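The values are calculated or read from the model by the stated rules, or taken from the named source; none is laboratory data. No experiment lies behind these values; they were computed from the predicted model shown. Backbone-built Cβ (ideal geometry, glycine too); neighbour counts: all protein chains shown. The area values use the complete protein model at the heavy-atom level, side chains included, leaving out ligands, DNA and RNA. Shrake-Rupley method; radii C 1.70, N 1.55, O 1.52, S 1.80 Å.
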Amino acid sequence: MTTRQRLDLLTRAYPRLFPRAELLRLLRTQLGHVEALDAWIARDDTRVRARAPKLIYHICAGNLAVSAWTSLAHGLLLGAHNVVKLPGDRADSTTRREILGFIRGLPAPLCKLVKTHRSLDSNLLRRADVVIAFGADSTMESLRAKIHWNQKFIAHGHAVSLLWIAEPNRMTSRQARACAIDILTYDQLGCLSPQAIYLPPGTDLDSLGQKLARALETHWKQIKPKPARPFSVAARITEARDLAHALGQRVWLPPGKHLGWTLIHDPDPTFRSSPLHGVIYLRQITAAKLGAALASVAGHISTVGVGGKISSPTEQAFLSLGASRFCPAGHMQFPPLTWHHDGRPALADLVTWIAAEAAHAR
């Protein structure tokens, strides 16, 4: 199959996930030409073409299926054979089912390029040209020790995302709704899910909290089906609420105190992880102090969602901390296919290049 044929099959199967125009843009921006895998492409006075990996080994995280879908789609677009190591038994079985459902929904010619495994196959891992892994940093370290020097290892370890609201005292209901979408999409479980909202000093917290609380409740009502709240999750949410109350922090809760979302003002700007599942913290800070407050996650910041216009000092502070993506609030969970996940190009990282040079006069 040619690249265009694979692209057509993929976009016909999943037109909303992988729109044709975005897949074409991805190929052009990352490989320079849609036909770069199938033919020689002129580049200055040299002809070049890309060589796809023969085998890609995908190691999936247990929290969300969407990262596995996208990684697999990249492999299929390149025409590689793909081995998918499914999340283990301790992971959410919903994620495993969603990954398998995605594969079953592929057209037969693409489905033939995919095999799934429930456990790590060391032999196939060693044979893979590329290993793409999602998970904890400890998992990445363990895998790195198993990877040969001549294999490409694309590791997506621990990452956090944040919201920055430039002018919270002028927040509109539309902006509040955008923040709610970022927080509650995927039950706040992905690396693009914000764990805290950072605000400049002088914020009217009562007014802002009420606006965000209304937006969170409105969006929660529209989510169907609602994410599960098993005992372990309910316990973490309840503990976060109880601790905030015990510390005298301001807490906004839903009507009836259901467990869909929780908004907490923490007067200490130092980053602390959220228990997720809709628990979000408000923290006030100046741009000059962001570096100290976020030191524990420096190098691990994926996305900064921005409400309003970010100032140059604030943007520079996040850049110094290693943030790899800025986007408007409301778009954090929906990056374009051309985005650089953890700062890395999705397709260009996977291929190797062949060049045919023209003769030069001496």
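Return the aspartates and glutamates within reach of residue 152: Cα separation strictly under 13 angstrom, same-chain partners fewer than 8 residues apart disregarded; answer none if there are no such residues.
129, 349
Cα atoms only: what Rg and Dmax, in Å, come out for the stretch 255-308?
Answer for the stretch 255-308, Rg first and Dmax second: 13.0, 40 Å.
Using the heavy atoms of the protein chains and a 1.4 angstrom probe, tell me the accessible area per residue for the stretch 150-211 in square angstrom.
On the way: 2240 Å² over 62 residues.
Solvent-accessible surface per residue comes out at 36 Å².
Take the solvent-accessible surface of the protein heavy atoms, probe 1.4 Å, and return the percent of it on the stretch 96-159 that carbon and sulfur atoms account for.
C and S fraction of accessible area: 50 percent.
Heavy atoms only, probe 1.4 angstrom, no DNA, RNA or ligands counted: give me 22, 98, 239 ranked by accessible area, highest first. Kindly include the intermediate steps, with their values, before the conclusion.
Working: 22 55, 98 85, 239 125 Å².
My answer, sorted largest first, is 239, 98, 22.
Classify the stretch 75-133: rounded, prolate or oblate, from the alpha-carbon gyration tensor (a ≥ b ≥ c, eigenvalue square roots; a/c under 1.5 rounded; otherwise prolate if a/b is larger than b/c)? Before the final figure, lay out each step's value.
Working: a/c = 2.26, a/b = 1.08, b/c = 2.09.
Because a/c hits 1.5 or more and a/b fails to exceed b/c, the stretch 75-133 counts as oblate.
For the stretch 247-362, rounded, prolate or oblate, judged on the Cα gyration tensor with a ≥ b ≥ c (square roots of eigenvalues), a/c < 1.5 rounded, else prolate if a/b > b/c? All intermediate terms of the calculation are to be shown ahead of the outcome.
Numbers: a/c = 3.26, a/b = 2.16, b/c = 1.51.
Verdict is prolate for the stretch 247-362.
Residue 112: which aspartates and glutamates have alpha carbons under 17 Å from its alpha carbon, excluding same-chain residues fewer than 8 sequence positions away?
Output for residue 112: 8.
Classify the stretch 311-362 from the C-alpha gyration tensor, please: rounded if a/c falls under 1.5, else prolate or oblate depending on whether a/b exceeds b/c. List each step's numbers first, then the result.
On the way: a/c = 3.72, a/b = 2.11, b/c = 1.76.
Prolate.
Enumerate by residue number the chymotrypsin sites (Phe, Trp or Tyr not before Pro) in the stretch 10-75 meeting two conditions: DSSP loop (anything except H, G, I, E, B), and at most 15 other Cβ atoms within 10 Å of the site's Cβ. Don't jump to the answer; show the numbers that get you there.
Working: sites: 40, 57, 69; in loops: 40.
Passing sites in the stretch 10-75 are 40.
Would you mind telling me the antiparallel percentage of the DSSP bridges in the chain, rounded to 5?
25 percent
Calculate, in nm to one decimal, what residue 121 and residue 257 gain on full extension: separation in residues at 0.36 nm each, minus their alpha carbon distance. Present the calculation step by step, with values, prior to reporting the outcome.
On the way: separation 136, 0.36 × 136 = 48.96 nm, distance 4.57 nm.
Extra length from residue 121 to residue 257 when fully extended: 44.4 nm.
Counting Lys +1, Arg +1, Asp -1, Glu -1, what net charge surrounds residue 119 among other residues with beta carbon under 12 Å of its beta carbon?
On the way: positive: 85, 118; negative: 89, 121.
Around residue 119, the surrounding residues sum to 0.
Give the aspartates and glutamates reachable from residue 289 as a straight Cα distance under 18 Å; neighbours fewer than 8 places away on the same chain don't count.
Within the straight-line limit of under 18 Å, residue 289 reaches these aspartates and glutamates: 167, 266, 268, 315.
Helix-derived [θ] at 222 nm for the chain: sum -39500 (n - 2.57) over DSSP H runs of at least 4, divide by residue count, nearest 500?
Helix contribution divided over all residues of the chain: -10500 deg cm²/dmol.
Let me have the relative contact order for the stretch 74-164, percent, based on Cα pairs under 8 Å that are six or more residues apart. Can you show the working numbers first?
Details: 82 pairs, mean separation 22.8, N = 91.
Worked out over the stretch 74-164, it gives 25 percent.
Could you grab the relative contact order for the chain? Cα pairs under 8 Å, six or more apart, rounded to a whole percent.
Values: 638 pairs, mean separation 68.2, N = 362.
Answer for the chain is 19 percent.
Once you've got the GNM for the chain with C-alpha springs shorter than 10 Å, pick whichever of 89, 206, 44 has the biggest mean-square fluctuation.
44
Sort largest first and round to whole Å: the equivalent ellipsoid semi-axes of the stretch 132-285, each the square root of five times a Cα gyration tensor eigenvalue.
On the way: eigenvalues 192, 66, 49 Å².
That gives 31, 18, 16 Å for the three semi-axes.
Using alpha carbons only, how many angstrom separate the centre of the stretch 6-63 from the centre of the stretch 292-362?
The distance from the Cα centre of the stretch 6-63 to that of the stretch 292-362 comes to 19 Å.
Starting from the Kirkwood Rh over alpha-carbon pairs, what translational D in µm² s⁻¹ does the chain have by Stokes-Einstein at 25 °C and 0.890 mPa s?
It comes out at roughly 111 µm²/s.
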